[in-house]
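Asks: One structure, pasted below without further comment.
The values are calculated or read from the model by the stated rules, or taken from the named source; none is laboratory data. All figures in this text were calculated on a predicted structure; none of them were measured in a lab. Methodologically, a virtual Cβ is constructed for each residue, glycine included, from the backbone with ideal geometry; neighbour enumeration extends over all protein chains shown. Calculation scope for accessible area: heavy atoms of the full protein, side chains included, ligands and nucleic acids excluded. Shrake-Rupley method; radii C 1.70, N 1.55, O 1.52, S 1.80 Å.
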Amino acid sequence: MSIRHRVSFPPMSSLLLTGGRIIDPANRLDAISDLLITNGKIAALGPAAAKQAPADAERVEVKGLVVCPGLIDMHVHLREPGQSAKETVATGTAAAARGGFTSILCMPNTSPAVDNSSTVALIHERAAQQAVVNVYVAGAISKSIAGEELAPIGALKRAGVVAITDDGHCVQNNELMRRALEYAKMFDLPVLDHCQDYSLVTDGVMHEGYWSTVLGLRGWPAAGEEMMVARDVLLAETTGSPVHCQHVTAAGSVKLLREAKKRGVPISGEACPHHFTLTDAAIAGSEKFWSADGKGVFGFASGTSALPSWPSYDTNFKMNPPLRSAGDREAILEGLADGTIEILCSDHAPHCDYEKEVEFDNAPFGITGLETELALSLMQLYHTKRLGLPDLIAKFTVAPARLLRLSKGTLSPDADADVTVFDPDRAWVFERASSASKSRNSPFYGWPLKGKAVLTIVRGNKVWAADSESVAA
Ligand SMILES: [Zn+2]
């Protein structure tokens, strides 16, 4: 397997991808065709591509593979500055490239927080030196993400942030949130919210329900999320300023979003693969999970390979918001299928082994996700026939690009040549040793997965290729 962590220089002048299934939801395109990239831009699609390709163009046959706009993950924790033991711009973007992602939005809960223009500049500078994919920066809503005083939203916008959020935290003061929305509207900045009502959630560590009672762990009730989704619906309606609800997990949240969207409220939502694959039963260990809720995971019924196993109280199943019930998981899948939830993302949240190797109560929330999210999304949405490939790809491309106002997420002529080539049917196993992330806090090691990025191209440069990976098909 060849892994290119860095953009290769000098950039090749022309690259022709031949015979792939080109899917560009932004242009409603789905056809077997060729794609020509020249000098980092999309030059031509269709019969014109081969005709226009210069004699010295590199030709790569991608027959049987999907060619789509470079995938965008708008929820990633890169941990720089301040927490580079967990992840860095270099390792986080390498993991993104491996997962098929060409653009990511990094969250502001770093140390210091991204609540000032110099921290934004620092991340941009580091990305220019070390990133292999495009890095966009989210600024904080409040100073130090403390929820007490607004961050300088205008200055953050001028420094180049493309959204604001207090992710990891949630602004509890409704008046402050209302003012944030009003300022954000003036500066045309999307507001993203990690929906968590502290008074309801208190010190919960897992979903409040049957399993939290059985396991004796403190519950994080679904209402703790739904309360803030309802608040955001009301404030979006009051201010006319759009709000995007991050990592939605609860059935009640999906219902609130669906109803609000019907009345034209400017509200949107995103979902993460762990929340629509796993459930809270997983915290009781693999045996308990596979005997019931695990049956809702694609591939379970085939029973061909040994099911992955893990112990109870495994902290790689602890995240915020938490894994919820099978009913919630189904509601998220339905919300994705009917368009209520328009964006897929990972909430890639790396932590060091020593931090996770403690009692469940004391472990930090979060798991890595960039390298498994495409496969899990294909498994739970496409292979189960809930969504066709164009609709699934839209949630990773044109939808986040539109929300963040990025000129990305399309294969239109002259667009940046950010392209992902993936095999929706490739069977593979996610191995601990093969991850590009600096951290190893994933619950999905040893999982038989289906669907994999095989070539990731950023501005015409191949930043990752699974050239000769052994295929367990
Ligand atoms: Zn969050």
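Asks: Given the options Ala271, Ala284, Ala326, Ala337, name the one that is within 16 Å of the ligand (Cβ to nearest atom), farther than 17 Å from Tyr445 by Cβ and either under 22 Å from the mean Cα position of the chain (by Cα) or among the aliphatic types (A, V, I, L, M) (or both).
Replies: On inspection, the qualifying residue turns out to be Ala271.
Asks: Looking only at the stretch 162-190, which residues are without any contact (Cβ under 8 Å) to a residue 60 or more places away in the chain, of a type in the set (D, E, K, R) and crowded, with 21+ Cβ neighbours inside 10 Å? Break it down into steps so the answer makes sense when it comes.
Replies: Let us first name the residues in the stretch 162-190 that are without any contact (Cβ under 8 Å) to a residue 60 or more places away in the chain, namely 164, 166, 170-173, 175-177, 179-180, 182-187, 189.
Adding the requirement that they be of a type in the set (D, E, K, R) leaves 166, 175, 179, 182, 185.
Passing the criteria: only Asp166.
Here's the yes/no breakdown for (1) polar (S, T, N, Q); (2) in contact with a Pro (Cβ under 9 Å, 6 or more places away or on another chain); (3) free of Cβ contacts under 8 Å to residues at least 40 places away in the same chain:
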{"site": "Asn109", "(1), (2), (3)": "yes, no, no"}
{"site": "Pro112", "(1), (2), (3)": "no, yes, yes"}
{"site": "Leu122", "(1), (2), (3)": "no, yes, no"}
{"site": "Gln130", "(1), (2), (3)": "yes, no, no"}
{"site": "Val133", "(1), (2), (3)": "no, no, no"}
{"site": "Tyr136", "(1), (2), (3)": "no, no, no"}
{"site": "Ser142", "(1), (2), (3)": "yes, no, yes"}
{"site": "Pro152", "(1), (2), (3)": "no, no, yes"}
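Asks: When the residues of the stretch 237-256 are narrowed to those that are part of a loop (DSSP other than H, G, I, E, B) and over 23 Å from the mean Cα position of the chain (by Cα), which ends up farthest from the ligand (Cβ to nearest atom)?
Replies: Looking only at the stretch 237-256, we keep the residues that are part of a loop (DSSP other than H, G, I, E, B), and these are 240-242, 246-250.
Filter again for over 23 Å from the mean Cα position of the chain (by Cα), leaving 240-241.
Details: Gly240: 25, Ser241: 20 Å.
Among those residues, the one meeting the criterion is Gly240.
Asks: Consider Glu225 carefully, then state whether it is within 16 Å of the ligand (Cβ to nearest atom), buried (at least 20 other Cβ atoms within 10 Å of the Cβ) and not aromatic (Phe, Trp, Tyr).
Replies: Against the criterion (within 16 Å of the ligand (Cβ to nearest atom), buried (at least 20 other Cβ atoms within 10 Å of the Cβ) and not aromatic (Phe, Trp, Tyr)), Glu225 qualifies.
Asks: If you take the residues in the stretch 385-416 that are in contact with a Leu (Cβ under 8 Å, 6 or more places away or on another chain) and not in a helix (DSSP H, G or I), which one is surrounded by the fewest Cβ atoms within 10 Å (Cβ to Cβ)?
Replies: The residue in question is Pro413.
Asks: Let me ask another. Name the residues in the stretch 54-113 that are within 16 Å of the ligand (Cβ to nearest atom), open to solvent by 10 Å² or more (accessible area, probe 1.4 Å) and hydrophobic (A, V, I, L, M, F, W, C), would you?
Replies: Result: Ala113, single match.
Asks: In this structure, does Leu278 turn out to be more than 16 Å from the ligand (Cβ to nearest atom) and assigned to a helix (DSSP H, G or I)? Reasoning before the result, please.
Replies: Working: more than 16 Å from the ligand (Cβ to nearest atom): yes; assigned to a helix (DSSP H, G or I): no.
It is false that Leu278 is more than 16 Å from the ligand (Cβ to nearest atom) and assigned to a helix (DSSP H, G or I).
Asks: Quick check on the stretch 212-222: of everything there that is outside any helix (DSSP H, G or I) and more than 16 Å from the ligand (Cβ to nearest atom), which residue is nearest to the chain's Cα centre (by Cα)? Talk me through it step by step, then tell me what you get.
Replies: Taking the stretch 212-222 as the starting set, the residues that turn out to be outside any helix (DSSP H, G or I) are 216-222.
Checking which are more than 16 Å from the ligand (Cβ to nearest atom) leaves us with 216-219, 221.
On the way: Gly216: 31, Leu217: 28, Arg218: 27, Gly219: 25, Pro221: 23 Å.
Filtering first and then ranking leaves Pro221.
Asks: Quick one: Val265 ticks every box in (1) open to solvent by 20 Å² or more (accessible area, probe 1.4 Å); (2) in a loop (DSSP other than H, G, I, E, B); (3) hydrophobic (A, V, I, L, M, F, W, C) bar one, so which box is it?
Replies: (1)
Asks: Among the numbered criteria (1) under 19 Å from the mean Cα position of the chain (by Cα); (2) open to solvent by 20 Å² or more (accessible area, probe 1.4 Å); (3) within 16 Å of the ligand (Cβ to nearest atom), which one does Tyr136 miss?
Replies: Going through the list (1) under 19 Å from the mean Cα position of the chain (by Cα); (2) open to solvent by 20 Å² or more (accessible area, probe 1.4 Å); (3) within 16 Å of the ligand (Cβ to nearest atom), Tyr136 breaks only (3).
Asks: Another one. I'd like the full set of residues that are more than 16 Å from the ligand (Cβ to nearest atom), of a type outside the set (Val, Ile, Thr) and either open to solvent by less than 20 Å² (accessible area, probe 1.4 Å) or not in a loop (DSSP other than H, G, I, E, B) (or both), limited to the stretch 299-323.
Replies: If the condition is that a residue be more than 16 Å from the ligand (Cβ to nearest atom), of a type outside the set (Val, Ile, Thr) and either open to solvent by less than 20 Å² (accessible area, probe 1.4 Å) or not in a loop (DSSP other than H, G, I, E, B) (or both), then Pro308, Asn316, Phe317 are the ones that fit.
Asks: Select from the stretch 71-93 the residues that are aliphatic (A, V, I, L, M) and either in a loop (DSSP other than H, G, I, E, B) or in contact with a strand residue (DSSP E or B) (Cβ under 8 Å, 6 or more places away or on another chain) (or both) and list them in ascending order.
Replies: If the condition is that a residue be aliphatic (A, V, I, L, M) and either in a loop (DSSP other than H, G, I, E, B) or in contact with a strand residue (DSSP E or B) (Cβ under 8 Å, 6 or more places away or on another chain) (or both), then Leu71, Ile72, Met74, Val76, Leu78, Ala85, Val89 are the ones that fit.
Asks: Same structure again: List every residue pair whose Cβ atoms sit under 6 Å apart, with the two residues 6 or more apart in sequence or on different chains, where the first one lies in the stretch 340-361 and is under 13 Å from Lys438 (Cα atoms) and open to solvent by less than 10 Å² (accessible area, probe 1.4 Å) and the second, anywhere, is of a type in the set (A, V, I, L, M, F, W, C) and more than 15 Å from the ligand (Cβ to nearest atom).
Replies: Cβ pairs passing all conditions: His348/Leu370.
Asks: Scan the stretch 148-161 for residues that are surrounded by fewer than 16 Cβ atoms within 10 Å (Cβ to Cβ) and in contact with a Lys or Arg (Cβ under 7 Å, 6 or more places away or on another chain) and jot them down.
Replies: Glu149 - this is the single residue of the stretch 148-161 that is surrounded by fewer than 16 Cβ atoms within 10 Å (Cβ to Cβ) and in contact with a Lys or Arg (Cβ under 7 Å, 6 or more places away or on another chain).
Asks: I need a count of the residues in the stretch 46-67 that are in contact (Cβ under 8 Å) with a residue 60 or more places away in the chain and in contact with a Ser or Thr (Cβ under 6 Å, 6 or more places away or on another chain).
Replies: Keep residues of the stretch 46-67 that are in contact (Cβ under 8 Å) with a residue 60 or more places away in the chain, which gives 60, 62, 64-67.
So of that shortlist, the ones also in contact with a Ser or Thr (Cβ under 6 Å, 6 or more places away or on another chain) come out as none.
Result for the stretch 46-67: 0.
Asks: Sticking with this structure for a sec: May I ask you to verify whether Gly168 is touching a Cys at 6+ places or on another chain (Cβ under 8 Å) and not in a helix (DSSP H, G or I)?
Replies: No.
Asks: Evaluate the stretch 415-427: report whether one residue or more is within 16 Å of Pro273 (Cβ to Cβ) and among the β-branched types (Val, Ile, Thr).
Replies: No: zero hits.
Asks: Something else about it: In this structure, does Leu234 turn out to be away from the ligand (no atom under 16 Å from the Cβ) and in a helix (DSSP H, G or I)?
Replies: Against the criterion (away from the ligand (no atom under 16 Å from the Cβ) and in a helix (DSSP H, G or I)), Leu234 qualifies.
Asks: Take the residues in the stretch 211-221 that are out of contact with any Gly (no Cβ under 6 Å at 6 or more places or on another chain) and touching a residue at least 12 places away in the same chain (Cβ under 8 Å), then tell me which one is most open to solvent (accessible area, probe 1.4 Å).
Replies: Val214
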